[in-house]
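Colleague: Before anything else, here's the structure in question.
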Amino acid sequence: RSHNSHQLTESVLLATATMSSRVREVEHTSASQCEYETTTSYVTKSGDGAWQEPPDPPTDAAEAAVASVASVCLRDGTTLRVAPMDRKCGGWDYEHFHDRLRLPEGCNAGRGLVVTFEAMARECVAIALSPHPYFDMGKTYVVHFGASGNLSTVFRRHITDVEAVDTSHPSRVCTDNKFQSYWIVLQGGRLSAGVGPSPGRRCIGTLDDTLYNQLRSGLDAARYVGVGNSALGRNSRDLRVRKVRVMPIPSAFGGIEGIPIEEGKEGMVNVMLDPSMGGSAALGSPGSSAGMPSEAELLAEYEKECAKAKARAAKFGTEYKQP
C-alpha cells in the first residue's frame, strides 16, 4: 500500500507541475496586452569576430561587465497571436506597440539597436522600428519576413502613403509548423535582417539608408518595436511570435564597424532547404518525392510575382513596388 501511495503522490505532483507549466503559458492577441521585463544578456565576440552569446555569464567580473547588455524582453512563457492587420486603418495601430517594448532606458538610440525573436507563420511577419510607440510616417522602418506568399523579405521606410525607401530580397524564411528564430540589426543607417539565433549571420539582406540617418534628428532614432502581420487576401492567417528581445548594440561591437553582417555569402536564404534551420537539403533536389520547390523554382515563382506587380502598376497607373 505504501508503494502504491508513493506512486500516486508522484503522479499527483507530476500532474500538478504539468498543470502549473500550462498555466504559465499565456497567449495574447497584441503587443499592447503583454508584459515586458528588463533583463541582462551577455554578448561577446567569437573567434572569427562574430556575435556570440555564452551559455553562462563570464566568471571574470571585468569580462562580465563588458559582455553584459541591458535588454527588454517579452515576459517568458508569453506568445503573441497576431491577426492580419486591417489595411483600412493603414495596417499599423497602437495595439501593435507597447511603451515598454523598446530599448532600455538610458541607451543611446542613435547608435542603433538589435531585435531578436521567434515566429511561427506561413508568411508576412512584420516588425516595425519606430522613434515612438506607434507607426510614425517617414520615420519608421518595417521588415516584412516572408512577404508575397513567403517568397521575399522586404525592408521599407514609408516616406508617404505611396512613396517609400525600400528593398526586396527573394527568400523563403517563414515556417508554419515550428518556431523559427530571426534577428534585426539597425546600425549606422543600415537595416539588416536574417534568420538564426546569431545577429549578423545568415543575413537575408540590407537596406542602406545612411543619408537619412545622417540628416535625421536624434529624437527620430528608432527605439520602439512593433509586432504585426502584413498578410493579405482571403487565405491570410494568424501568426505567432515569442521571445521578443530588444537591446542596444553590445559593447563588444562598439567600434565604427559595429556588428559584422555576413551578406551575399549563401545566395537566397531558404530555411526549408537548410538542414541547420531544421529543413532538408534533399527536399528541393531533382526527383524528390516531398514536392518541395527548389531554389531555382522559387526564384522563377518570385519573378512571376514581380511581373504581375508590374502589370498591375501599368494597368492602374501606379508606381511599381517590387514584391
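Colleague: I want to check the label-to-label distance for Met137 and Asp161. Put each point 7 Å from Cα in the C-beta direction and report it in nm to one decimal.
Modeller: 0.7 nm
Colleague: Something else: Mind running the shape call on region 75-226? Use the C-alpha gyration tensor, a ≥ b ≥ c as the square roots of the eigenvalues: rounded below 1.5 for a/c, prolate if a/b tops b/c, oblate otherwise.
Modeller: rounded
Coordinate-derived values only; no laboratory data. Since this is a predicted model, take the numbers as computed values, not measurements. Every residue, glycine as well, gets a Cβ built from its backbone with ideal geometry; the counts of neighbours run over all protein chains shown.
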